[in-house]
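Single-structure report; data block below.
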Amino acid sequence: MQNNFFKYYILSILFGFTLLLGFLFFNEAGLVPADYTASVADIVLEPEDAEPIDPDAQYFYDKWSAKVREIAQEKSLASQVQIEQDVQDVGPTTKARINGHEFIVEVAVSFNEQAKGLSYRQVLPENRGMLFLFPKKATYPFWMKEMNFGLDMLWLDGDKIVDITKKASPSKEAEPPLIRPRTKVDKVLEINAGLCDKFNIAIGDTIAIDLP
């Protein structure tokens, strides 16, 4: 009887310790806090297959929406950056790391920012890209209209690469063909064409993206 008591006592301690580790990991990973209240997402257009708002995706989306508003209030939303003698508009940026490779990425959260994307840019340095955030998982359509360079598109679900479109070509068509992922995503990262092959970036890889 006494042995059973000690056995259950030890098991209860181990269970409590496991819960504590889970709590610490959850907070350390920067996931949704217990007191977080989601905002109403500003999505003008969304695919018909869009799922209900995902709490983790919504939290990430809201953090960056708040950052965009903060920058806009400081009247520096469209700061100018000199890139290879070509002045280009750059919004808020963060860092994204894949397989030890770090990219400085512009974050697009509003409909207008996402609709424009990287169109009309003349160049994109190798260590740069653009990150599109969505609070709902869906097969969002992209295109290469008015692009001046090719792209690799990394389709993300949380912190996982679930699909890749390699070497999408620029298009000057009035209605270019749409490019969609093969599964639902809540983020899309665009980088220069050929970098997935160069850096061995593959489906299933994990991406780490800094919050603002």
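Quick notes
- When Met153, Met147 are screened for being out of contact with any helix residue (DSSP H, G or I) (no Cβ under 8 Å at 6 or more places or on another chain), in a loop (DSSP other than H, G, I, E, B) and hydrophobic (A, V, I, L, M, F, W, C), only Met147 passes.
- When residues of the stretch 106-130 are limited to those that are closer than 16 Å to Lys172 by Cα and of a type outside the set (A, V, I, L, M), the one surrounded by the most Cβ atoms within 10 Å (Cβ to Cβ): Gly117
- A single entry from Tyr140, Tyr120 fulfils the requirement of being assigned to a loop (DSSP other than H, G, I, E, B), of a type in the set (Phe, Trp, Tyr), within 23 Å of Ala50 (Cβ to Cβ) and at pLDDT below 95: Tyr140.
- Complete set of residues in the stretch 183-205 that are more than 20 Å from Gln114 (Cα to Cα), in contact with a strand residue (DSSP E or B) (Cβ under 9 Å, 6 or more places away or on another chain) and not in a helix (DSSP H, G or I): Gly194, Phe199, Ile201, Ala202, Ile203, Gly204, Asp205
- When Lys166 is tested against (1) over 16 Å from the mean Cα position of the chain (by Cα); (2) in a strand (DSSP E or B); (3) closer than 15 Å to Ala96 by Cβ, just one condition goes unmet, and that condition is (3).
- One residue alone among Ala208, Ala202 is hydrophobic (A, V, I, L, M, F, W, C), touching a Cys at 6+ places or on another chain (Cβ under 8 Å) and modelled with pLDDT of 95 or more, and that residue is Ala202.
- Filter result for Ser65 (small (Gly, Ala, Ser), modelled with pLDDT under 90 and surrounded by 18 or more Cβ atoms within 10 Å (Cβ to Cβ)): yes
The values are calculated or read from the model by the stated rules, or taken from the named source; none is laboratory data. What you see is a predicted model, and the numbers here were worked out from it, not measured in a lab. Note that each Cβ is placed from the backbone with ideal geometry, even for glycine, and that neighbours are counted across all protein chains shown.
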